[in-house]
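A single structure is presented below for examination.
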Amino acid sequence: MDWKSHRIDALLEQALIEDRAASDATTNLTIDPDLRAAGSILARQEMVVAGLGSVPRFFEIFARLDRRPQSQTRFEVVSHPEIFDGVRVHAGQVLAVIRHNARVLLSCERVILNLMQHLSGIATLTRQYVDAIQGTSTRVLDTRKTVPGLRALEKYAVLCGGGTNHRLDLASAILIKNNHISLGGGIPTVLARALEQRKAGQRVQIEVRTARELEEALAHGAEAILLDNMSPAQVKTSVERIKREKSGQETRWIPTEASGGIVLENIRAYAEAGVDYISVGALTHSAKAANISMSIAAEPAAAHR
């Protein structure tokens, strides 16, 4: 993740502006402007870390927003070399220690924790799904079911958890779904249009819900199949049918994806049905925030010199 990219910078800046971090009434009234402190970011549960790279960037952006002297002072973010985004940690582990002006630490504390809790929650849930199908060749995909504005960060968190990104947005890949089929005149019509007018290198994927729709899709040139809301048994039958298509006179690999109604309790059954990918919207739309805290203590006066 490039935490200094224009898009990510804008997200972090907006979080600070939304919280009016540079106008922290309580902190500005109660804390000595010259006091320095150390903030320890602590994992309070077993989790997969995501978002550590945002911490120094938040302070750099804060200094740009708030030109007061205390915001321009030196700071450092120190973490153990073995702790970084994508690493599984245990409850009680310190993820990073921040040394900075106490006012700045207090004003940025909540936005830092909000983001790290959210992203680490996604990474942790993703790892649970990935672990559940360990030993199979199936890969776990995310979806576009993301919080508006946070998609790039949420998909990054999925990668931290060992998952794989599906398309980033509507322009990056072709996926013909049920509403496209019904509004566009049926499977043969929409496939013909997509195959004829696509850009070079774009693969045409189509969603099917029944054996009949699968046969139509295969007969009209589908290059990837999304098996929607099927049982593991139906997925297995569909995958075996698609494999027979692969072994025809014109050999072609047709990737298969299962989606709909897939949870931790049944994902392994779908993976063992032989599907290449399983997409899970819950990774981003239902992940519980990870339990992370920050304790802040004044540094000894000697440390200021």
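The values are calculated or read from the model by the stated rules, or taken from the named source; none is laboratory data. Note that this is a predicted model, so its numbers are computed, not measured. Cβ atoms come from the backbone with ideal geometry, glycine included; neighbour counts cover every protein chain shown. Accessible surface areas use protein heavy atoms only, side chains included; no ligands, DNA or RNA. Shrake-Rupley method; radii C 1.70, N 1.55, O 1.52, S 1.80 Å.
Expressed in nm to one decimal, what extension gain is obtained for the pair Thr73 and Val147 from 0.36 nm per residue of sequence separation less their Cα-Cα distance?
Gain on extension, Thr73 to Val147, equals 23.2 nm.
Of all accessible surface on the range 148-203 at a 1.4 Å probe, what whole percent is carbon and sulfur?
Exposed carbon and sulfur together represent 55 percent of the surface.
Hey, what do the phi angles of the range 146-156 turn into as Karplus ³J(HN,Hα) couplings, whole Hz, using 6.51/-1.76/1.60 and θ = phi - 60°, x for Gly and Pro?
For the range 146-156, the Karplus curve yields 10, 5, x, x, 10, 4, 4, 6, 5, 5, 4 Hz.
Run the paramagnetic zone check for Arg44: 7 angstrom along Cα to Cβ, then residues of the range 70-111 with backbone nitrogen under 12 Å.
92
Right, something else. With every protein chain left in place, what is the accessible area of His220 in Å² (1.4 Å probe, nearest 10)?
80
A further question on this structure: Per residue of the range 192-206, in order, report the coupling 6.51 cos²θ - 1.76 cosθ + 1.60 (Karplus, θ = phi - 60°) as ³J(HN,Hα) in whole Hz, putting x for Gly and Pro.
Computed from phi, the couplings for the range 192-206 are 4, 5, 5, 5, 7, 10, 5, 7, 4, x, 7, 8, 9, 9, 9 Hz.
Let me ask something else about it. Tell me, what is the 1.4 Å probe accessible area of Ile267, in Å² to the nearest 10?
0
Pull up the cross-link candidates among the lysines for Lys4, meaning alpha carbon to alpha carbon under 23 Å and not fewer than 8 places away within one chain.
Leaving aside lysines fewer than 8 places away in the same chain, those within reach of Lys4 are Lys155.
Next question, about the same structure. Given the whole protein assembly as supplied and a 1.4 Å probe, what does the accessible area of Val111 come to in Å², nearest 10?
10
Simple spin-label model, 7 Å along Cα-to-Cβ: Ala269 to Arg241 in nm?
Placing both labels 7 Å beyond Cα along the Cβ direction yields 2.0 nm.
Using amide H atoms built in the peptide plane, which far-off residues or other-chain residues are under 5 Å from Thr164 H to H?
Val140, Leu141, Asp142
I want to verify the translational diffusion coefficient of the range 109-215 in µm²/s; compute it with Stokes-Einstein, Rh as the Kirkwood radius over Cα pairs, at 4 °C and 1.567 mPa s.
80
In whole Hz, with x marking every Gly and Pro, tabulate ³J(HN,Hα) for the range 81-98 from phi via Karplus 6.51 cos²θ - 1.76 cosθ + 1.60, θ = phi - 60°.
Whole-Hz 3J(HN,Hα) from phi for the range 81-98: x, 8, 10, 7, 4, x, 8, 7, 10, 9, 4, x, 6, 7, 7, 6, 10, 10.
A further question follows. Net charge near Cys160: determine it from the other residues with C-beta under 12 Å of the C-beta of Cys160, scoring Lys and Arg +1 and Asp and Glu -1. All intermediate terms of the calculation are to be shown ahead of the outcome.
Working: positive: Arg88, Arg127, Lys155; negative: Asp85, Asp142, Glu154.
Surrounding charge for Cys160 is 0.
If you count only protein heavy atoms with a 1.4 Å probe, what accessible area per residue comes out for the range 254-305, rounded to a whole Å²? List each step's numbers first, then the result.
Working: 2330 Å² over 52 residues.
Solvent-accessible surface per residue comes out at 45 Å².
Show Phe59, Phe84, Phe75 ordered by accessible area, largest first, where the area counts protein heavy atoms only and the probe is 1.4 Å. Intermediate values should be presented prior to the final figure.
Working: Phe59 5, Phe84 110, Phe75 65 Å².
Sorted by accessible area, descending: Phe84, Phe75, Phe59.
Over the range 50-122, one equal point on each Cα, no solvent: what is log10 I(q)/I(0) by the Debye formula at q = 0.12, 0.18, 0.21, 0.26 Å⁻¹?
Debye curve over Cα of the range 50-122, log10 I(q)/I(0) at q = 0.12, 0.18, 0.21, 0.26 Å⁻¹: -0.34, -0.72, -0.94, -1.29.
Which whole number in µm²/s is D for the chain by Stokes-Einstein, with the Kirkwood Rh taken over Cα pairs at 4 °C and 1.567 mPa s? Spell out each step's value before the answer.
Working: Rh = 21.8 Å.
Translational D for this selection: 59 µm²/s.
Count neighbours as other Cβ atoms within 10 Å of each site's Cβ, and list the trypsin sites (Lys or Arg not before Pro) in the range 1-109 that are DSSP loop with at most 14 such neighbours. Mind showing how you got there, number by number?
Values: sites: Lys4, Arg7, Arg20, Arg36, Arg44, Arg57, Arg64, Arg67, Arg74, Arg88, Arg99, Arg103; in loops: Lys4, Arg20, Arg44, Arg67, Arg74.
Here the trypsin sites (Lys or Arg not before Pro) that fit, given the DSSP loop and packing criteria, are Lys4, Arg20, Arg44, Arg67, Arg74.
Then there's this: At 4 °C and a viscosity of 1.567 mPa s, what translational diffusion coefficient does Stokes-Einstein give for the range 24-70, taking Rh as the Kirkwood radius over Cα pairs? Give it in µm²/s as a whole number.
Approximately 96 µm²/s, per Stokes-Einstein.
FRET efficiency for Arg209 and Ala173, Cβ-Cβ distance as r, R0 = 25 Å, nearest 0.05?
Numbers: r = 20 Å, r/R0 = 0.80.
So, using R0 = 25 Å, E works out to roughly 0.80.
Still on this structure, please answer the following. With each pseudo-label sitting 7 Å past Cα toward Cβ, what's the Glu13-Glu196 distance in nm, one decimal?
Going from the Glu13 label point to the Glu196 one covers 4.6 nm.
Continuing with the same structure: Using a 10 angstrom Cβ neighbour count of at most 16 plus a DSSP loop assignment to flag exposed GluC sites (Glu not before Pro), which longest range of the chain is free of such sites? Please list the in-between numbers first.
Details: sites that count: Glu46, Glu82, Glu250, Glu265.
No qualifying site falls inside 83-249, the longest such stretch.
Would the range 35-176 count as rounded, prolate or oblate if I go by the C-alpha gyration tensor, calling it rounded below 1.5 in a/c and otherwise prolate when a/b exceeds b/c, oblate otherwise?
Oblate, since a/c reaches 1.5 and b/c is not below a/b.
Per residue, what accessible area does the range 1-48 have, given a 1.4 Å probe and all protein chains present, in Å²?
For the range 1-48, the per-residue accessible area is 59 Å².
Okay, next question. Which lysines have a Cα less than 19 Å from the Cα of Lys199, not counting those fewer than 8 places away in the same chain?
Those lysines meeting the cut-off are Lys177.
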